[in-house]
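Engineer: Please find one structure pasted underneath; my questions will follow.
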Amino acid sequence: MRAIAYTHAGLPIDDPQALIDIDLDLPQPGPRDLRVAVRAVAVNPVDTKVRRNAATEGPRVLGWDAVGVVDAVGSEVTLFQPGDAVYYAGVIDRSGSNAEYQLVDERSAGRKPASLDDAAAAALPLTAITAWELLFDRLHIAEGGGEGQTLLVIGAAGGVGSILVQLARTLTKLTVIGTASRPDTQDWVYAMGAHHVIDHSLPLTEGLARLGIPQVEHVASLTHTDQHYAQIVEVLAPQGQLGLIDDPGQLDVMALKRKALSLHWELMFTRPLFKTADMQRQHDLLNRVAELIDAGVLQTTLGEHFGRINAANLRRAHALVESNRAKGKIVLEGW
C-alpha cells in the first residue's frame with residue numbers, strides 16, 4: 001500500500017526528505033481492530049510536533065484524522081462491519097492515517113456523518129474529541145448549563161477552537177468569547193458561533209474591558225499558553241477554571257493559588273493510550289457529533305483542501321500548520 005512517512009526527525013518542512021512517499025505491507029487487524037481504506041485525512045499540530053521531535057528507527061507514518069471505509073475487522077469487533085463508512089483520530093502510538101489502509105480500535109471510531117463528504121468529515125474527529133472532552137469531561141460544563149458564565153477560548157480560529165466554539169454555543173448557555181488576531185480569522189470565529197471576538201495580540205484585559213466583561217469563569221487555552229498565562233490568571237474569576245491542550249515550557253501553578261483556580265489538561269489520546277475503562281466514550285461522542293452534524297446543529301471546520309494525499313501536499317499542509325496562520329482544518333483527499 002502507498003503511505004507517506006518521515007525517516008529523520010527534525011528536518012525543516014521545506015526539505016523534500018521531511019516527508020516522503022513509500023510503500024508498506026498491508027496491515028492485519030488485531031481482535032478489536034478495524035482495517036480502514038483511507039479516503040481523506042486532515043493535518044493537526046500534533047503531526048508537525050511528532051515529525052520535528054520524535055526520533056524514529058524506520059519510516060514512521062503520521063496522521064491522526066481520517067475518513068474511510070471498513071475493509072476488514074478483527075475477531076472481536078462488534079460495533080462495525082466491512083463496508084461501513086467511519087471517521088476517527090486513532091492513537092499516537094500506532095501507525096497513522098497517511099496511508100491507504102490503517103488499523104484503528106473500533107472503540108475510537110465513529111459513524112461518518114452522512115451529510116458530509118469525505119473531506120468535510122475528515123476535518124472533525126481529533127478536534128471534536130478534544131473539544132468535547134475539554135468542555136464536558138475536564139471543565140465539567142453540563143449540556144444546557146453555564147448560564148450567566150463566560151468561556152474565553154484562546155486561539156479560537158484553529159481546529160480545536162473552531163469546534164469548541166460551536167459546541168459551547170449550541171450545547172451550553174455559556175457566553176462564548178473567542179480570540180483571533182486577523183480580520184479573516186476573526187470573521188471565521190464569529191461564523192463558528194462566538195458571541196464576541198477579541199484580539200489576542202493585545203492584552204486580554206483590554207479586549208474584555210471593551211466588552212464590559214472584566215472577568216471570566218472559564219478559559220480554554222489552545223495555543224501559546226505560556227505567553228498568555230499571566231493574563232489568563234488575571235482575567236479568571238476567583239474559583240475559575242483553566243483548561244489547556246498545548247505544550248507550554250513550564251507553568252507556575254502557585255500563581256493559581258490566591259484565586260483558588262483549577263487547572264485541567266486535555267489530551268484526546270489518553271483514553272486509547274491507556275485503554276481506560278471508558279475508552280468507548282470516544283466512539284459514542286463521535287456518533288453524537290455525527291448526529292449533530294446531520295441535524296444541522298454543527299458544521300464542518302474544514303478550512304482548506306490541499307488536494308490528494310501525497311508527500312508534497314502533506315509538506316505544504318505541515319508548513320501552513322507550523323506558520324500558525326491556518327484557520328479551521330487542512331484536509332487532503334484521495335490517492
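The values are calculated or read from the model by the stated rules, or taken from the named source; none is laboratory data. Source: prediction; values computed, not measured. Neighbour counts are summed over all protein chains in view; Cβ atoms, including those assigned to glycine, are modelled from backbone coordinates with ideal geometry. Areas reflect the complete protein model, heavy atoms only, side chains present, ligands, DNA and RNA absent. Shrake-Rupley method; radii C 1.70, N 1.55, O 1.52, S 1.80 Å.
Engineer: Is it true that Arg52 is open to solvent by 40 Å² or more (accessible area, probe 1.4 Å) and either touching a Pro at 6+ places or on another chain (Cβ under 6 Å) or not in a helix (DSSP H, G or I) (or both)?
Structural biologist: Values: open to solvent by 40 Å² or more (accessible area, probe 1.4 Å): yes; either touching a Pro at 6+ places or on another chain (Cβ under 6 Å) or not in a helix (DSSP H, G or I) (or both): no.
For Arg52, the condition - open to solvent by 40 Å² or more (accessible area, probe 1.4 Å) and either touching a Pro at 6+ places or on another chain (Cβ under 6 Å) or not in a helix (DSSP H, G or I) (or both) - is not met.
Engineer: Can you tell me which residues in segment 141-159 are open to solvent by 20 Å² or more (accessible area, probe 1.4 Å) and either among the aliphatic types (A, V, I, L, M) or in contact with a strand residue (DSSP E or B) (Cβ under 6 Å, 6 or more places away or on another chain) (or both)?
Structural biologist: Across segment 141-159, the qualifying residues are Ala142, Gln149.
Engineer: Is one or more of the residues making up segment 248-263 outside any loop (DSSP other than H, G, I, E, B), at pLDDT 95 or above, surrounded by fewer than 19 Cβ atoms within 10 Å (Cβ to Cβ) and not aliphatic (A, V, I, L, M)?
Structural biologist: Yes, that holds for at least one residue.
Engineer: Now for a different question. Looking only at segment 100-131, filter to residues that are over 14 Å from Gly159 (Cα atoms) and in a loop (DSSP other than H, G, I, E, B); which one of those is least open to solvent (accessible area, probe 1.4 Å)?
Structural biologist: Looking at residues that are over 14 Å from Gly159 (Cα atoms) and in a loop (DSSP other than H, G, I, E, B), I get Pro113.
Engineer: Hey, among the residues in segment 181-199 that are buried (at least 22 other Cβ atoms within 10 Å of the Cβ) and touching a residue at least 40 places away in the same chain (Cβ under 8 Å), which one's nearest to the chain's Cα centre (by Cα)?
Structural biologist: Met192
Engineer: While we're here: Hey, Val253 hits all of (1) in contact with a Leu (Cβ under 7 Å, 6 or more places away or on another chain); (2) touching a residue at least 12 places away in the same chain (Cβ under 8 Å) but one; which does it fall short on?
Structural biologist: (2)
Engineer: Right, here's the next one. Taking segment 207-221 as the search range and keeping residues that are open to solvent by 20 Å² or more (accessible area, probe 1.4 Å) and closer than 24 Å to Val253 by Cα, which one is farthest from the chain's Cα centre (by Cα)?
Structural biologist: Pro214
Engineer: Scan segment 200-239 residue by residue and report those that are touching a residue at least 60 places away in the same chain (Cβ under 8 Å) and not in a loop (DSSP other than H, G, I, E, B).
Structural biologist: Selection gives Val216, Glu217, His218, Val219, Ala220, Ser221, Thr225, His228, Ile232, Val235.
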